[in-house]
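This report refers to the structure that appears directly beneath it.
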Amino acid sequence: MGLKFPNPVGLAAGFDKDGKYFETMSHLGFGFIEIGTVTPLSQDGNPQPRLFRLIEDEGIINRMGFNNEGVEAMCRRLRNKKNTKIIIGGNIGKNKLTANESATDDYLKCFNALHDLVDYFVVNVSSPNTPGLRDLQEKEPLTRLLQTLVIANKSKSIQRPILLKIAPDLTNTQLDDIIDIVKETQIEGVIGTNTTIARDPLSTPEAKIVAIGNGGLSGKPLKGRSTEVIRYLANGLEKGKLIIGVGGISSADDAIEKLNAGASLIQVYSGLIYEGPNLVKQINKSLIHYKSA
């Protein structure tokens, strides 16, 4: 993407939703940090409780709902950053009250506001926690959204790479559509994957899962499906398109599995919660000797 990453291990979006912690988190050894998802206007997100640990499965269910302070607050923090060497991705979304017919306007507002302040963009249409958001993954609205952002990008003096973050719950037919859309719009690549609405197989008692209710599942239970999606995309995308692998990475072996499937970079979040901050170092040390399969 025209960027030089110090290492391929990144912090996934959702941890630093407002750009408050990227400088602190960079000391853990991340090669890049993705902030957001941010929306044009501040919003509280879904009612609490909205975050649940599945200890038996080393998984997490969340239904946060894009809680954030809005894009202008994020911009203020980015303008005041002290470490200018951190590679930062801006993960952008739409406000809950914005109808899907007007969603492009929300993404465009975030894109224009952050354009001079981040190194790459991620278009998040795959969170299960904003009603109707995943409908934007359908071929026609997604193509229209991405084309609008690409046109806006080309109008700037400097172009920023644009990536699309997709759900693990897409069918192969829908993944084929994603591959076609990436080719048609010529965005730089895909992040695979967001959290899943699936609930199997899990060791956590079913009664507990039912009591928790809706939300996106992350962590170890997501690992297999995320890797399947990455492998499918890698086989279908044009050469040179980037895949960032995220979903269930809690060890160096998990990271290597994603790279062997076709990812060029990886991201962690839930694995960091269960394994601790040393996970980043462990993965990077193993990758020194990594050779792709």
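Some values worked out for this structure:
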item	result
Residue list for segment 111-127, restricted to those being part of a loop (DSSP other than H, G, I, E, B) and crowded, with 20+ Cβ neighbours inside 10 Å	Val118, Val125, Ser126, Ser127
Number of the condition not met by Ala207 [criteria: (1) among the aliphatic types (A, V, I, L, M); (2) under 22 Å from Val125 (Cα atoms); (3) more than 15 Å from the chain's Cα centre (by Cα)]	(2)
Total residues in segment 215-241, condition more than 23 Å from Asn278 (Cβ to Cβ) and either among the basic types (Lys, Arg) or surrounded by fewer than 18 Cβ atoms within 10 Å (Cβ to Cβ) (or both)	10
Condition check for Asn91: outside any loop (DSSP other than H, G, I, E, B), under 27 Å from Glu275 (Cβ atoms) and modelled with pLDDT of 95 or more	yes
Breaking point among (1) surrounded by fewer than 21 Cβ atoms within 10 Å (Cβ to Cβ); (2) in contact with a helix residue (DSSP H, G or I) (Cβ under 6 Å, 6 or more places away or on another chain); (3) under 30 Å from Asp200 (Cα atoms), for Gly59	(1)
Residue in segment 76-91 that is crowded, with 19+ Cβ neighbours inside 10 Å, within 16 Å of the chain's Cα centre (by Cα) and either farther than 24 Å from Leu265 by Cα or free of Cβ contacts under 8 Å to residues at least 60 places away in the same chain (or both) present	yes
Subset of segment 140-167 [assigned to a helix (DSSP H, G or I) and surrounded by fewer than 20 Cβ atoms within 10 Å (Cβ to Cβ)]	Glu140, Pro141, Thr143, Arg144, Gln147, Thr148, Val150, Ile151, Ala152, Asn153, Lys154
Cβ-Cβ under 6 Å pairs, at least 6 apart or on other chains, segment 244-258 side closer than 15 Å to Pro221 by Cβ and aliphatic (A, V, I, L, M), far side assigned to a loop (DSSP other than H, G, I, E, B) and at pLDDT 95 or above	Val246/Ala12
Residue pairs meeting the criteria (Cβ under 6 Å; at least 6 apart or on separate chains; first under 15 Å from Ala12 (Cβ atoms), in segment 188-200; second acidic (Asp, Glu))	Thr196/Asp169
Residue in segment 55-86 that is nearest to Gly216 (Cα to Cα), counting only those that are in contact with a Lys or Arg (Cβ under 9 Å, 6 or more places away or on another chain) and among the β-branched types (Val, Ile, Thr)	Ile61
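The values are calculated or read from the model by the stated rules, or taken from the named source; none is laboratory data. Since the model is a prediction, treat every value here as computed from it, not as a measurement. Reconstructed Cβ throughout: ideal geometry from the backbone, glycine too, with neighbour counts over all protein chains shown.
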